[in-house]
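Working notes, structure below.
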Amino acid sequence: MGDDIRKQNKGGTIIEIKDLWYTYPGRSEPTLKGVNLKIEEGEFVLLTGPTGCGKSTLLKTLNGIIPYESEGIFSGSIKIMGTEIGDLNQVELSRKVGLVFQNPDDQIFSTTVEDEVAFGLENLCIEREEIDIKVGEALRTVGMLEHRLSSTNALSGGQKQRVCIASMLAMMPEILAMDEPVSQMDPAGTQEILNTVRELNKRMKITILLVEHRLHEIAPFADRIVIMDNGKIIFDQPVHDAFDHLEIFHRLGLRVPVPVELCHTLGIKARPFSAEETFPLLNNRDFKEKTERYITHPDPKKRTNPEGCSAENNELLISLQNVWSGYDKNRMVLKGISLEICRGERVAVMGTNGSGKSTLLLNLASILKPYKGSIKIFGEDTKLKNSYSFAGRIGFLFQNPDLMLFCNSAEEEVMFGPVQLKLENIEERTRISLEAMSILDIKQDLPQSLSRGQRLRTAIASVLSIDPELVLLDEPTTGQDRENIEQMMDYLKNKGYTLVFCTHDIEIAMLYATRILVMSEGQIIADGKGRDVIKNTDILRKASLTQPPVVEIASYLGINAFSITELVEMLANRSCEVVEC
Ligand SMILES: Nc1ncnc2c1ncn2[C@@H]1O[C@H](COP(=O)(O)OP(=O)(O)OP(=O)(O)O)[C@@H](O)[C@H]1O
Ligand SMILES: Nc1ncnc2c1ncn2[C@@H]1O[C@H](COP(=O)(O)OP(=O)(O)OP(=O)(O)O)[C@@H](O)[C@H]1O
């Protein structure tokens, strides 16, 4: 991205936070409770922690949104390159700190992609010609050059995140603070963007502070892992030492890289991040003794059903015949989709950003109608029905949960559906849904004052309180810690819901879906049990998916295993089934 020599002779502390306290207006408890953090120039720091612990709040203090735009009670000191943040004006601050927002809809306000990326540069009074070049470079870097003239309203969730990252890359700030910047991005895109960010960090010495729950994917790119819990920093270690303290990650319900978890289970000291690094540690070794206890008492929650599972009966709930659909009749997004889903199935929809997953879900909810072909839900042709006629039978979660939250408390949100539908046992339904999503303790809170993860769970609880026959969830796992994801998915599974959910998380899809649909360019290119789909590397590549590390490691060893439990069992007894992968 040019300008290589701009950042020579770097060094020294770039961010210094001392005893930072912050209480949001209207709250009695502080959200930040004495945060101390020092970051050196050129570091790549991964900040993680359970949902609602204060990560986004901390990031917002770095570009002055807190306290200058939000009021509240603030004390402590934040220095950027030695200068107290309050002594920097807005232009100086925006040159130093670029913030990628957690919700792209909160960041994007221009009508076209090009204008959005150019906006910050225009404010720095850069020449038009140079702006055009920088906009083009930034869009190319995030894979969005072909969308340069597109309307920002016509982008998918992952495409919007790419544009937000491009806006900040174009500015080339000293510090890039990124709040879950890849949460809605497909796995291949995530890797590409993180490679770019890492390269900028190394080459230009841009300091990175990145908040993520998917630390198992991000850790290999970082220098240091910082963990927050309940408004405080409770852990701060170089990345390679961090996973020597797995008990902290486990206690807080945080995900760790699968190779690390595997080595830990097998009693191997090394902490590899990739399948290639892991393979030599496992090959030709005897793990019988190390794994005996594990195998005698496996954690049933971590087991996948070796056969996958399918609908218990064949009652057809969803039937699509050659469906063509989109937002404009001159540009079809879904291109000839045929599909049947039976009661009791749990179907994960995966694929490249912009491949049509949300569009498919909107059609299943009867919010969008096909231009061509037919969709029958519960045997009814959606073209002949308005979406309200399915109210109570279909529960739908939008990709952006904020679109669904408009009441004065989380409890009211969850009650809203049952009240409108005049259902029975409203209080009981509400309590059960709040509890299932672990938000009973914040039921009185204004939804807009909750963290992203808490808002998402409120929106899901409001879908579940009507106890629909068909649950459609667009990316229900983004921005949540492992504990919350597992609790939510276990609940959906145990209730026996017919579930169709979009996700970029292949491990969760493998664990909970009875079937995976893979989409590419508006078509379904694979449909089957997870363990069959993920063996097809051509399909995965085409859909920007990557094999889960455990499958990769097993492949290196020449065996078929789809979870850590299965792999450990096979390693313990290598004479058992060794099959061609
Ligand atoms: N605008 C606000 N007004 C009042 N309270 C808020 C506001 N924004 C956040 N909070 C509260 O501050 C706490 C921390 O929220 P924050 O968004 O910083 O958490 P987080 O760690 O980023 O969570 P997540 O992982 O879910 O994004 C939460 O309990 C939340 O309810
Ligand atoms: N409201 C809209 N108006 C016009 N075009 C849209 C609209 N929403 C999405 N599109 C276009 O439809 C295509 C498919 O978008 P969709 O949201 O279905 O993708 P997706 O697979 O869910 O992507 P992601 O993984 O990023 O969420 C994209 O090319 C997008 O630009």
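The values are calculated or read from the model by the stated rules, or taken from the named source; none is laboratory data. A quick note: this is a predicted structure, and the numbers were derived from the prediction, not measured. Counting neighbours? That spans all protein chains shown, and the Cβs are built from the backbone with ideal geometry, glycine included.
Data for the structure
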item: Test for Lys60: is it surrounded by 14 or more Cβ atoms within 10 Å (Cβ to Cβ), touching a Leu at 6+ places or on another chain (Cβ under 7 Å), of a type outside the set (Val, Ile, Thr) and not in a loop (DSSP other than H, G, I, E, B); result: no
item: Count - residues of the stretch 463-482 that are within 16 Å of ligand 2 (Cβ to nearest atom) and either closer than 22 Å to Phe416 by Cβ or out of contact with any Gly (no Cβ under 9 Å at 6 or more places or on another chain) (or both); result: 6
item: Lone unmet requirement of (1) within 16 Å of ligand 2 (Cβ to nearest atom); (2) small (Gly, Ala, Ser); (3) within 21 Å of His250 (Cα to Cα) for Ala219; result: (1)
item: Helices (runs of 4 or more DSSP H) wholly inside the stretch 195-259 that include at least 2 residues being surrounded by fewer than 19 Cβ atoms within 10 Å (Cβ to Cβ) and under 22 Å from the mean Cα position of the chain (by Cα); result: 246-251
item: Extreme residue, nearest to ligand 1 (Cβ to nearest atom), among residues of the stretch 15-34 that are of a type in the set (D, E, K, R) and in a strand (DSSP E or B); result: Lys33
item: Test result for Lys232, of a type in the set (Lys, Arg) and at pLDDT 85 or above; result: yes
item: Criterion (in contact (Cβ under 8 Å) with a residue 12 or more places away in the chain and either under 30 Å from Glu552 (Cβ atoms) or in a loop (DSSP other than H, G, I, E, B) (or both)) met by exactly one of Ile508, Ile460; result: Ile508
item: Cross-chain or 6+ apart pairs with Cβ under 6 Å, the stretch 138-157 first and closer than 23 Å to Asn400 by Cα and free of Cβ contacts under 8 Å to residues at least 24 places away in the same chain, then among the hydroxyl-bearing types (Ser, Thr, Tyr) and part of a loop (DSSP other than H, G, I, E, B); result: none
item: Criterion (of a type in the set (A, V, I, L, M), touching a Leu at 6+ places or on another chain (Cβ under 8 Å) and outside the structural domain of Gly336 (by TED's automatic domain parsing)) met by exactly one of Leu492, Leu499, Leu557; result: Leu557
item: The stretch 202-219 residues that are small (Gly, Ala, Ser), paired with ones that are assigned to a helix (DSSP H, G or I) (beta carbon under 7 Å, 6 or more apart); result: Ala219/Val239
